[in-house]
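The values are calculated or read from the model by the stated rules, or taken from the named source; none is laboratory data. The structure displayed is predicted, hence computed values, not measured ones. Cβ coordinates were reconstructed from backbone atoms using ideal geometry, including for glycine residues, and neighbour counts include every protein chain displayed. Please note that ligands, DNA and RNA were not included when accessible areas were found on the heavy atoms of the full protein model with its side chains. Shrake-Rupley method; radii C 1.70, N 1.55, O 1.52, S 1.80 Å.
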Number of protein chains: 2
Amino acid sequence: MIIDCHGHYTTAPKALEAWRKSQIAALADTSQARAKGALAIGDDEIRESLEGAQLKLQRERGTDLTLFSPRAAGMSHHIGDAVTSRHWSEHCNDLVYRACKLYPRNFAPVCQLPQSPGVAPANCIGELERCVNELGFIGCNLNPDPSGGYWTDPPLTDRWWYPLYEKMVELDVPAMVHVSASCNPAFHFTGAHYINGDTTAFMQFLTSDLFRDFPTLKFIIPHGGGAVPYHWGRYRGLAQDMKKPPLKELLLKNVFFDTCVYHLPGIELLAKVIPVENILFASEMVGAVRGVDPETGHPYDDTKRYIEAVTWLGAEDRRKIFEGNARRVFSRLKA
Amino acid sequence: MIIDCHGHYTTAPKALEAWRKSQIAALADTSQARAKGALAIGDDEIRESLEGAQLKLQRERGTDLTLFSPRAAGMSHHIGDAVTSRHWSEHCNDLVYRACKLYPRNFAPVCQLPQSPGVAPANCIGELERCVNELGFIGCNLNPDPSGGYWTDPPLTDRWWYPLYEKMVELDVPAMVHVSASCNPAFHFTGAHYINGDTTAFMQFLTSDLFRDFPTLKFIIPHGGGAVPYHWGRYRGLAQDMKKPPLKELLLKNVFFDTCVYHLPGIELLAKVIPVENILFASEMVGAVRGVDPETGHPYDDTKRYIEAVTWLGAEDRRKIFEGNARRVFSRLKA
């Protein structure tokens, strides 16, 4: 079985986007009551949005189950306030829940959190509990920068985040550290902000004692860990200069990397420097890069091919990357 | 000959730091006149600061010439205002000039610019001209984020920067894109902010027409290009989705990568995906990582060893990486 631990509902029916637009428009009109309202999307529309996209690609590429969450850039926690984010997150999560219910063999749900800049992450506990306890979600996406590119909230290792981590540990769900859209013109979202978010989070973990406080807390750093595996020597050396234990001991019981790296040399590097136990298969399809690589004739994001092409990985290594590690990290996954 | 294109004067005599501290202290006392003052550092102190550090390491590692600039984190353009940065930059550049004069076979000077958040980069032209025309500097370091981690200035591709680029082209000097200290608690400086700055600048270039406007403008992206080579497939795919020409055509006449990547697998990846013409040898010693890698028994930042260990590079490839490319990019270098 092949589990893709990183897929977003990027193809959701247009009514979702329309709802969000009207929500944003209403922010300007303070005389309006804040209403969550309803989302009129039929099951057939959901099926249609998935059949020609994620499901087709699963079949074509030979992957089985995608851990499925709302569109990452769509989270846009910087828009509005905590109520805005709550209403929006509930709709997005409910829609992902419905998609997973319609295709329980193809998708397992991962939730968006109703974060908002300057609002304590404890405020997300209600939605996390609802998703996990009532709807069967198995993980969440955690935005290390709800400001959308200005990084005005405390680092992920600050006690500001601890109440949410306590709940994650209690519920036994991991978080994928995933920024959202960038409203800072310095940062292109998928080309800079996403990758920077990954690198930043890793370095925050490295300089902290977070995993002494939460020995069972688990994070997935997506996009192959940002810049981290490429600079693994730098990170080993920085930790050493700081008199920290080796990275394996310091972090690798708690921090995992996905395989959203869109060329073979990158995947080879990842598999060379990061222990195989810490690598989770992912493609992020349908996502950031949608074209076909003229150098290979295959889609850039068909990452399964790269892993299969790493000649020195044994059968057991591949089983861990494709399935075993995901089951260990997303321990609520039963499919 | 082996040219290290990326070295900072991280070991400058203590009087430099003392001057900076008093400059910062004076910022709080608005009754004081803004004085540049003098820096009392003798030639012997400069010699002493280099003999046991950069010069010793050059000898031990077998490198010849370091392109030498003021300490990157020390630039701290976010402190004070444009006058603060002008006084500080002049002192730092003068000291680098003196070091290079004392050891003309070992160092060639690269300047810091007196940037300040919200101040037009055109304001740096005077210091750039002074350094290049009067003192023989051959390049500059350009900070894409003078705010120190809040990224409040326009992207490097905005016309905001164009007057400085016009001067760089006229003087025929390249810029190394290099952020400075981070005053944002989200970003560790050498572990996140530096690498993010590299990745961010590359993506700014990718999404722009900058090199159509400045066909001879040259940038070095340090630290092995941040996350870029590891995600080369992602960047190729993003450019393709945007209907841009291939990266080679779009950027690689103007954008170069250094080799400050502190382990062999990273250097192997760099040499595999980036054309050899675009790779400039560098170590950033004495810099971000100062320890000895227990896996190799050699200093992490002894990057010459990694390049020598890439078995498929031919003699001519190595000559380009170690010397030829640096001479082409830093065309004012005569040594």
Exercise. What is the one condition in (1) touching a residue at least 12 places away in the same chain (Cβ under 8 Å); (2) within 26 Å of B:Ala192 (Cβ to Cβ); (3) assigned to a helix (DSSP H, G or I); (4) open to solvent by 10 Å² or more (accessible area, probe 1.4 Å) that B:Pro265 does not satisfy?
Worked result: (1)
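Quick grid of which residues meet (1) more than 11 Å from every other protein chain (Cβ to nearest Cβ); (2) open to solvent by 10 Å² or more (accessible area, probe 1.4 Å); (3) more than 14 Å from the chain's Cα centre (by Cα):
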| site | (1), (2), (3) |
| --- | --- |
| A:Leu135 | yes, yes, yes |
| A:Asp145 | no, no, no |
| A:Thr152 | no, yes, yes |
| A:Leu164 | yes, no, yes |
| A:Ala201 | no, no, no |
Seminar exercise, completed: The number of residues in the range B:18-41 that are part of a helix (DSSP H, G or I) and either without any contact (Cβ under 8 Å) to a residue 24 or more places away in the chain or among the hydrophobic types (A, V, I, L, M, F, W, C) (or both) is 8
Problem set entry | Residue pairs meeting the criteria (Cβ under 9 Å; at least 6 apart or on separate chains; first charged (D, E, K, R), in the range B:87-98; second outside any helix (DSSP H, G or I) and at pLDDT below 95) | B:Glu90/B:Lys36; B:Asp94/B:Leu39
Exercise. In this structure, is B:Asp94 of a type in the set (Asp, Glu), surrounded by 13 or more Cβ atoms within 10 Å (Cβ to Cβ) and either at pLDDT 95 or above or part of a loop (DSSP other than H, G, I, E, B) (or both)?
Worked result: yes
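Every residue, every condition in (1) part of a strand (DSSP E or B); (2) within 17 Å of the chain's Cα centre (by Cα); (3) not charged (D, E, K, R), yes or no:
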position	(1), (2), (3)
A:Thr63	no, no, yes
A:Cys111	yes, yes, yes
A:Pro117	no, no, yes
A:Glu129	no, no, no
For this session: Starting from the range A:2-15, take each residue that is closer than 18 Å to A:Ile220 by Cβ and list its partners that are modelled with pLDDT under 95 and small (Gly, Ala, Ser), counting only C-beta distances under 9 angstrom and pairs at least six apart or across chains.
Result: A:Ile3/A:Ala335; A:His6/A:Gly287; A:Gly7/A:Gly287; A:His8/A:Gly287
Problem set entry | Checking A:Cys260 against (1) within 11 Å of chain B (Cβ to nearest Cβ); (2) more than 24 Å from B:Ala271 (Cβ to Cβ), the condition it does not meet | (2)
Seminar exercise, completed: For the range B:317-335 the number of residues that are out of contact with any strand residue (DSSP E or B) (no Cβ under 6 Å at 6 or more places or on another chain) and outside any loop (DSSP other than H, G, I, E, B) is 8
For this session: State whether the residues of the range A:34-43 include one that is within 30 Å of A:Arg327 (Cβ to Cβ) and in contact with a strand residue (DSSP E or B) (Cβ under 6 Å, 6 or more places away or on another chain).
Result: no
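Name every residue in the range B:169-195 that is within 14 Å of chain A (Cβ to nearest Cβ), in a loop (DSSP other than H, G, I, E, B) and either buried (at least 24 other Cβ atoms within 10 Å of the Cβ) or not hydrophobic (A, V, I, L, M, F, W, C) (or both), in order of residue number. First the steps, then the outcome.
Initially, the range B:169-195 is screened for residues within 14 Å of chain A (Cβ to nearest Cβ), giving B:177, B:179, B:182-195.
Okay, now just the ones that are also in a loop (DSSP other than H, G, I, E, B), so B:179, B:182-188.
Within the range B:169-195, B:Val179, B:Ser182, B:Asn184, B:Pro185, B:Ala186, B:Phe187, B:His188 qualify.
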Problem set entry | Meets criteria (away from chain B (no Cβ under 13 Å), surrounded by fewer than 21 Cβ atoms within 10 Å (Cβ to Cβ) and not charged (D, E, K, R)) for A:Gly314 | yes
Seminar exercise, completed: Considering the range B:72-91, residues that are open to solvent by 20 Å² or more (accessible area, probe 1.4 Å) and of a type in the set (Gly, Ala, Ser), and then whichever is nearest to B:Thr11 (Cα to Cα), we arrive at B:Gly80
Exercise. Picking from A:Trp160, A:Trp151, which residue would you name as being outside any helix (DSSP H, G or I) and out of contact with any helix residue (DSSP H, G or I) (no Cβ under 6 Å at 6 or more places or on another chain)?
Worked result: A:Trp151
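Test A:Leu50 against the stated conditions and say whether it is farther than 26 Å from A:Ile125 by Cβ and in a helix (DSSP H, G or I).
Details: farther than 26 Å from A:Ile125 by Cβ: yes; in a helix (DSSP H, G or I): yes.
Yes.
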Exercise. Is there any pair with a first residue in the range B:49-71 that is open to solvent by 20 Å² or more (accessible area, probe 1.4 Å) and a second that is part of a helix (DSSP H, G or I) whose Cβ atoms are under 6 Å apart and which are 6 or more apart or on different chains, and what are they?
Worked result: B:Arg61/B:Lys304
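Can you report the number of residues in the range A:203-251 which are assigned to a loop (DSSP other than H, G, I, E, B) and either open to solvent by less than 10 Å² (accessible area, probe 1.4 Å) or more than 12 Å from every other protein chain (Cβ to nearest Cβ) (or both)?
If we filter the range A:203-251 for residues that are assigned to a loop (DSSP other than H, G, I, E, B), which is where we start, we get A:207-209, A:214-218, A:222, A:226-231, A:242-246, A:251.
From what is left, the residues that are either open to solvent by less than 10 Å² (accessible area, probe 1.4 Å) or more than 12 Å from every other protein chain (Cβ to nearest Cβ) (or both) are A:209, A:214-218, A:222, A:226-231, A:245, A:251.
Count: 15.
Give the residue, chosen from B:Gly291, B:Gly297, B:Gly287, that is free of Cβ contacts under 8 Å to residues at least 60 places away in the same chain and within 11 Å of chain A (Cβ to nearest Cβ). Before you say what the answer is, go through the steps one by one.
Numbers: B:Gly297 fails: within 11 Å of chain A (Cβ to nearest Cβ); B:Gly287 fails: free of Cβ contacts under 8 Å to residues at least 60 places away in the same chain.
One residue alone meets the criteria, B:Gly291.
Using the structure shown, decide if A:Ile321 is open to solvent by less than 10 Å² (accessible area, probe 1.4 Å) and more than 14 Å from chain B (Cβ to nearest Cβ).
On the way: open to solvent by less than 10 Å² (accessible area, probe 1.4 Å): yes; more than 14 Å from chain B (Cβ to nearest Cβ): yes.
Taking the combined requirement at face value, the residue satisfies it.
Please find, among B:Thr259, B:Thr296, the residue that is at pLDDT 95 or above, surrounded by fewer than 21 Cβ atoms within 10 Å (Cβ to Cβ) and hydroxyl-bearing (Ser, Thr, Tyr).
Working: B:Thr259 fails: surrounded by fewer than 21 Cβ atoms within 10 Å (Cβ to Cβ).
From the options B:Thr259, B:Thr296, the qualifying one is B:Thr296.
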Exercise. What is the number of the single condition among (1) in contact (Cβ under 8 Å) with a residue 40 or more places away in the chain; (2) under 29 Å from B:Tyr262 (Cα atoms); (3) open to solvent by less than 10 Å² (accessible area, probe 1.4 Å) that A:Ala271 does not meet?
Worked result: (3)
